[in-house]
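The values are calculated or read from the model by the stated rules, or taken from the named source; none is laboratory data. Because the structure is a prediction, the values reported are computed rather than measured. Here Cβ is always computed from backbone atoms with ideal geometry, including for glycine, and neighbour counts include all displayed protein chains.
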């Protein structure tokens, strides 16, 4: 913000801009590395080692989109499971019902 409105007052403004861009690229690379870990992670667990609050806040839109997508997939899988269960008669044959146990 200072560079946008008072770049004349900042010594070496172009160097400062360059350093800020480099810092942003390093932060983005850390997030990409963490996201790439999802593919090889255990059950979709993402490691956030070395990722700070600044990186998370910059990627908030992406992360919330991914979480929403995973939530929808889970809801869809649950709906499919319930439909299959209803088609089979509502109960698994493996588990004894209350009637089978004499209750």
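Those residues that are in contact with a helix residue (DSSP H, G or I) (Cβ under 9 Å, 6 or more places away or on another chain) and modelled with pLDDT under 85, I need them from segment 7-22; list them, please. Of everything in segment 7-22, those that are in contact with a helix residue (DSSP H, G or I) (Cβ under 9 Å, 6 or more places away or on another chain) and modelled with pLDDT under 85 turn out to be 7, 9, 10, 13. Only a single criterion out of (1) closer than 24 Å to residue 73 by Cα; (2) modelled with pLDDT under 80; (3) assigned to a helix (DSSP H, G or I) is not satisfied by residue 43, namely (3).
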